[in-house]
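A short reminder: the numbers here are calculations on the coordinates, not readings from a lab. Because the structure is a prediction, the values reported are computed rather than measured. Counting neighbours? That spans all protein chains shown, and the Cβs are built from the backbone with ideal geometry, glycine included.
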């Protein structure tokens with residue numbers, strides 16, 4: 001009764017008369033498996049942690065970016081860039097070669113960072129960062145161990161999320177400035193920086209500011225960019241599979257975001273002249289309390 | 001207002017679309033092969049399931065009958081390996097992992113029944129193919145680490161092993177029904193040995209963990225069979 005003994009004769013012999021619980025002949029094999037599975041799990045855990053940290057830092061980054069005060073932005077965000085860079089470097093060695101696609105757990109962090117990166121890029125240059133640039137950016141942050149891969153999926157899903165940030169940004173800007181962010185990024189940075197002083201003389205500004213809200217019909221402003229984005233994202237065919245499911249989920253949210261900006265602008269156009277600066281219908285007035293506390 | 005905006009370089013989305021379309025094409029190609037493998041797996045398990053109702057002495061006929069479907073599966077896994085090796089392994093492996101596991105399980109069961117060492121005489125049960133031996137049977141690499149090509153992973157092997165244990169648990173009972181009181185003892189030891197192996201693994205909360213948690217119930221099931229046999233003095237004497 002022991003054909004199985006034949007495969008591991010040497011080990012078997014010393015335990016020949018054994019009852020149960022003697023060492024299983026498969027032990028050496030399983031010990032090998034254990035070592036490799038442990039390695040795999042360690043890698044996976046490092047990546048999950050990095051993905052979370054990148055997500056958290058990216059979210060904070062977006063929050064600072066969202067306040068229309070770009071001058072402080074770069075300074076305040078330096079720490080988050082650093083965190084993210086550290087995390088990418090930390091896991092870079094774990095996702096090389098064969099393991100490049102082994103740990104999809106990184107996608108959460110990648111998407112979130114993509115959102116922050118594209119938003120940042122937009123505020124600086126008013127253009128959409130390309131996939132190749134974004135991938136190169138992550139690669140350059142990954143350090144000497146090799147690049148962490150940013151997949152086209154990460155990119156696309158990150159861009160969907162960025163639409164939400166653009167929406168928040170435009171609505172906050174409309175609420176505080178009484179107009180849609182538009183024009184050259186430098187000009188925009190200036191108006192935003194002027195803001196704190198404006199707020200002291202809140203009521204006095206009303207008349208002055210109202211004519212300024214007219215130029216929101218410039219050929220290019222944040223809304224036309226949002227619409228262009230929406231158009232591209234809707235044209236995009238994600239195919240089946242996971243990307244398809246994810247994209248369909250995010251597409252609805254994305255459309256709503258563009259709608260919200262359009263509605264807010266409508267409100268501003270119809271009633272804008274009757275309202276004091278800082279008042280916008282149908283949106284959260286998260287800016288308002290802050291202003292009053294000055 | 002939504003005039004062609006200077007914001008988006010149209011090439012960005014064109015490039016992405018191309019990439020995604022390429023992946024879809026790869027998926028379609030793989031899907032055909034995987035479906036073929038699935039069908040062949042069903043054939044293997046169909047033939048091998050006759051082992052549950054075949055007396056020990058007649059096992060060779062079952063093994064012979066299974067040869068063709070096993071050959072087919074080996075060939076299909078070869079095709080899969082060829083197609084899949086053109087891509088990063090882990091990008092698509094979730095597509096076929098299930099089917100490969102089923103094929104592994106079929107071959108493990110076949111080898112356990114004696115198929116691997118069959119030389120025309122009596123079939124000898126109880127052999128466990130190692131991961132490397134499975135790779136040799138299937139003619140594909142196993143547990144690759146520095147090459148990004150198709151291979152059989154440790155996880156796939158272990159998952160197939162848990163399925164083998166389930167199959168053997170069933171066989172232990174059915175052997176008794178056929179009047180065979182020896183194989184349940186063999187299975188009992190085998191299942192315990194496998195279980196002991198699984199117990200030293202540090203598993204995380206994943207499918208392998210769930211499957212290996214189920215092993216203790218299989219161990220108990222087989223123990224119950226042995227208990228029933230010994231209670232009735234049906235256990236063949238050692239050293240017969």
Would you mind computing, in nm to one decimal, how far apart the modelled labels at residue B:130 and residue A:60 are, each placed 7 Å from Cα along Cα→Cβ? 5.0 nm
Can you pull the mean other chain C-beta count within 10 Å for peptide A:221-229? 4
Return a whole-number percent for the relative contact order of the range B:42-181, with Cα pairs under 8 Å and 6 or more residues apart as the contact set. 30 percent
Give the average, rounded to an integer, of partner chain Cβ atoms located within 10 angstrom of each Cβ in B:194-201. 5
Could you calculate the FRET efficiency of residue A:271 with residue A:248 from 1/(1 + (r/R0)^6), where r is the beta carbon distance between them and R0 is 35 Å, rounded to 0.05? 0.50
Highest mean first, how do B:119-129, B:162-172 rank when packing is the count of other Cβ atoms within 10 Å averaged over residues? B:162-172, B:119-129
One finds, for residue B:27 and residue B:237 with R0 = 60 angstrom and r their Cβ-Cβ distance, a FRET efficiency to the nearest 0.05 of 0.55
For the Cα atoms of chain B, what angle does the longest principal axis make with the long axis of helix B:215-231, in degrees from 0 to 90, nearest 10? 10 degrees
Per-residue average of Cβ from other chains inside 10 Å of A:26-37: 6
Kindly express, to the nearest 10 degrees and within the range 0 to 90, the angle between helix B:10-48's C-alpha long axis and the longest C-alpha principal axis of chain B. 20 degrees
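By its C-alpha gyration tensor, with a ≥ b ≥ c as the square roots of the eigenvalues, how is the range B:12-152 shaped: rounded for a/c under 1.5, else prolate for a/b larger than b/c, else oblate?
Taking the square roots of the gyration eigenvalues as a ≥ b ≥ c, the range B:12-152 is prolate.
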Part-to-part distance (alpha-carbon centres) for the range B:181-238 and the range B:91-140, which is given in Å: 20 Å
Going by average Cβ neighbours within 10 Å, how do the peptides B:32-45, B:181-194 rank, with the highest at the top? B:181-194, B:32-45
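Arranged by the count of other C-beta atoms within 10 angstrom, fewest first, what order do A:174, A:141 take?
Fewest-to-most Cβ neighbours within 10 Å comes out as A:141, A:174.
Suppose R0 equals 35 Å. What FRET efficiency, 1/(1 + (r/R0)^6) with r the Cβ-Cβ distance, do residue B:50 and residue B:147 give to the nearest 0.05?
On the way: r = 39 Å, r/R0 = 1.12.
Step by step, r from the Cβ atoms, then E = 0.35.
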Normalised by the residues of chain B, what does the relative contact order come to in percent, with Cα pairs under 8 Å and at least six apart? 17 percent
